[in-house]
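FYI, it's all coordinate maths here, none of it is from the lab. Here the structure is a predicted model, which is why all the values come from computation and not from measurement. When we count neighbours, we look across all protein chains shown, and the Cβ atoms used for this are built from the backbone with ideal geometry, even at glycine.
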Amino acid sequence: MLHLAHTGHWLVNVAYLLPVAAFLAWLLVTTIRERRQAAKETREAPEP
């Protein structure tokens, strides 16, 4: 039989993991934006 911990145990783990997941998501979004901006600037730069 599958034994699951009560909600309190899950909430503690989620409370610990949520800020880490939010930071990683922010880091991913920021990295993608910077790469797109750099690629856009490279395409728009006039060639000598």
Inset, instruction - Find all pairs meeting these conditions: Cβ atoms under 7 angstrom apart; at least six residues apart or on different chains; first residue within the stretch 32-44 and touching a residue at least 40 places away in the same chain (Cβ under 8 Å); second residue surrounded by 10 or more Cβ atoms within 10 Å (Cβ to Cβ). - result: none
Inset, instruction - Please tell me if A21 is among the small types (G, A, S) and either surrounded by 10 or more Cβ atoms within 10 Å (Cβ to Cβ) or touching a helix residue (DSSP H, G or I) at 6+ places or on another chain (Cβ under 8 Å) (or both). - result: yes
